[in-house]
1. Just to confirm my filter: which helices (runs of 4 or more DSSP H) fall fully inside region 18-87 and include at least 1 residues that are of a type in the set (Phe, Trp, Tyr)?
2. If you go through region 28-52, how many residues are in contact with a helix residue (DSSP H, G or I) (Cβ under 8 Å, 6 or more places away or on another chain) and surrounded by 11 or more Cβ atoms within 10 Å (Cβ to Cβ)?
Amino acid sequence: MCGRDAGRLTMSKVKFEQVQQQALELSASERAKLAAELIESLDALPEDEVNALWLEECERRAAQIDRGEVALVPAEEVAQRVRSLIK
């Protein structure tokens, strides 16, 4: 969401929160169907849009790290956890 007009960002966030709240009020099966359709819709995105979305996600995660909202886990520890799960 970087580089976007602040007013537009606020409006997008409001719309997102409204849609999110409505989606959470659906039954589990309706939410599952909606989730599947949303994921499928991402397959049709142009590559530049996919790249822009990944960049937004990277920036969001980096900001969480900077604010101390998430803990970093060393790669070796993650690898050990994975190995123990697949044994």
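Taken together, the values in this text are just the output of simple stated rules run on the coordinates, not laboratory data. Everything numeric in this text was worked out from a predicted model, so none of it was measured. FYI the Cβ positions are ideal-geometry reconstructions off the backbone, even for glycines, and counts take in every protein chain you see.
1. Working: elements: 28-42, 47-66, 75-86.
So the answer is 47-66.
2. Taking region 28-52 as the starting set, the residues that turn out to be in contact with a helix residue (DSSP H, G or I) (Cβ under 8 Å, 6 or more places away or on another chain) are 31, 34, 42, 45, 50.
So of that shortlist, the ones also surrounded by 11 or more Cβ atoms within 10 Å (Cβ to Cβ) come out as 31, 34, 45, 50.
Residues flagged as in contact with a helix residue (DSSP H, G or I) (Cβ under 8 Å, 6 or more places away or on another chain) and surrounded by 11 or more Cβ atoms within 10 Å (Cβ to Cβ) within region 28-52 amount to 4.
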